[in-house]
Amino acid sequence: MAQNIKNSNNKGRGAAKDKHEKILKAAIKVFAKNGFHNSKISQIAKEAGVADGTIYLYFKNKDDILIKVFEEQLEIVIEIFNEKLVGIDNPEDKLRAFIKMHMELMEKHKALAEVISVELRQSHKFMKEYVPTRFAEYLNIVSHIIREGKDKGVFRADVKPGVVKRALFGALDELVLYWVLTPQPKYDVETITEQTTETFLRGIRA
């Protein structure tokens, strides 16, 4: 009897998780297509194939959905990036790999790129109240690379990881925004990776 209850609970949690993820995926499509302000909960529900009221079982409101999209996608990305970077020894190669992975991810998932680069800025709640827990973890991947480079004598001792990580993300965010807003971008991932990597490395090399 106890085992049956446990299995039933696990199935229930699994179904809830699937519905949660389905709603977030639907929200990414709707936000990218209509813009955050023009999107409605009913449109997200329709895209997800659920009733309007179901949305409120998982999220407080439209802003909450937007924040969850950002946080949960970042969580996945952080795990992937950390797994791939752990096998790279040279800090310069790690920085290059980070930049390339970021740009490849944004190129592969255009709707997500648009939501992150454009629509997040449209949410007053996000800009004013968001506590950047996952975002800080993401930026700290760069900090760890810079510190490792300093310890190995590859990067200058006076380089500030906190400055570099924010400057690098700002550059990448602007490049993604360019991709999103330009119908036929002039630059591909390889070009952007090499140009951006060399620009930063020339400034921080020992």
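The values are calculated or read from the model by the stated rules, or taken from the named source; none is laboratory data. This is a predicted model, so every value here is computed, not measured. For neighbour counting, all protein chains shown are included, and Cβ atoms are generated from backbone atoms with ideal geometry for every residue, glycine included.
In this structure, does residue 110 turn out to be in contact (Cβ under 8 Å) with a residue 12 or more places away in the chain, surrounded by fewer than 17 Cβ atoms within 10 Å (Cβ to Cβ) and of a type outside the set (Asp, Glu)? Against the criterion (in contact (Cβ under 8 Å) with a residue 12 or more places away in the chain, surrounded by fewer than 17 Cβ atoms within 10 Å (Cβ to Cβ) and of a type outside the set (Asp, Glu)), residue 110 qualifies. Counting only helices (runs of 4 or more DSSP H) that sit completely within the stretch 1-110, those holding 3 or more residues that are modelled with pLDDT of 90 or more and under 28 Å from residue 177 (Cβ atoms) correspond to 2-34, 41-48, 62-85, 91-108.
Only one of the numbered conditions (1) modelled with pLDDT under 90; (2) surrounded by 14 or more Cβ atoms within 10 Å (Cβ to Cβ); (3) not in a loop (DSSP other than H, G, I, E, B) is not met by residue 128, and that is (2). Residues in the stretch 45-102 that are under 14 Å from residue 142 (Cβ atoms) and touching an Asp or Glu at 6+ places or on another chain (Cβ under 7 Å) were compared, and the one that is surrounded by the fewest Cβ atoms within 10 Å (Cβ to Cβ) is 78.
Checked against the criteria, residue 116 counts as of a type in the set (A, V, I, L, M, F, W, C) and out of contact with any Ser or Thr (no Cβ under 7 Å at 6 or more places or on another chain).
Within this structure, residue 188 passes the test of being loosely packed, with under 15 Cβ neighbours inside 10 Å, at pLDDT below 95 and acidic (Asp, Glu). A search for C-beta distances below 9 Å between a residue of the stretch 69-92 that is assigned by TED's automatic domain parsing to the domain that holds residue 144 and any residue that is at pLDDT 90 or above and polar (S, T, N, Q), counting only pairs 6+ apart in sequence or on different chains, returns 92/197.
Of all residues in the stretch 168-206, exactly one satisfies the criterion of being in contact with a Gly (Cβ under 9 Å, 6 or more places away or on another chain) and in a helix (DSSP H, G or I), namely 204. The condition of being farther than 14 Å from residue 203 by Cβ, in contact with a Ser or Thr (Cβ under 6 Å, 6 or more places away or on another chain), among the β-branched types (Val, Ile, Thr) and in the same structural domain as residue 68 (by TED's automatic domain parsing) holds for residue 176. Considering 135, 155, 98, the condition of being under 28 Å from residue 63 (Cβ atoms), of a type in the set (Phe, Trp, Tyr) and outside the structural domain of residue 38 (by TED's automatic domain parsing) is satisfied by 135 alone.
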